[in-house]
Amino acid sequence: MIRVIRSRKAKEEIIKAVADTKKQWGVDQARKYRQLIEMAIKAIGRHPKLGRSYNDVCPDVRGYHLKRPARHIIFYETVDKHTVKIVRFLHDSMDLDRHLNLSFRITQL
């Protein structure tokens, strides 16, 4: 299995999404959502080509869409043949072009 690392921003976004779920839907649903996120991240580690390409938004980025019960996308890139990096965890209603491109401009400084 490929090693999966998470950017600081992705970690923060996952924590916020789970906290928001807890506030809106309760502890049990937040726990289930956290488990769903972790299962998706493990699946990405097993199959890095699992998500769809988002080259039209940001080069070399793929996204795995969690459609139900939530609507978040796990954005990731291949760092090398042994490592995938989760770069963002965004709600699908967000301006993906703006948020992904901004992230990559900042990390490349």
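Structure values in brief
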quantity	calculated
Least to most buried among Ile5, Ile86 (fewest other Cβ within 10 Å first)	Ile5, Ile86
Gain in span if fully extended, Glu38 to Met1, counting 0.36 nm per residue against the direct Cα distance	11.9 nm
Mean projection area, nm², convex hull over Cα of region 1-73	5.1
Sites matching trypsin sites (Lys or Arg not before Pro) across region 1-97 that sit in DSSP coil, with at most 10 neighbouring C-beta atoms within 10 Å	Lys49, Lys67, Lys81
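Readers should treat all values here as calculations from the given coordinates under stated rules, not as data from a laboratory. Here the structure is a predicted model, which is why all the values come from computation and not from measurement. Reconstructed Cβ throughout: ideal geometry from the backbone, glycine too, with neighbour counts over all protein chains shown.
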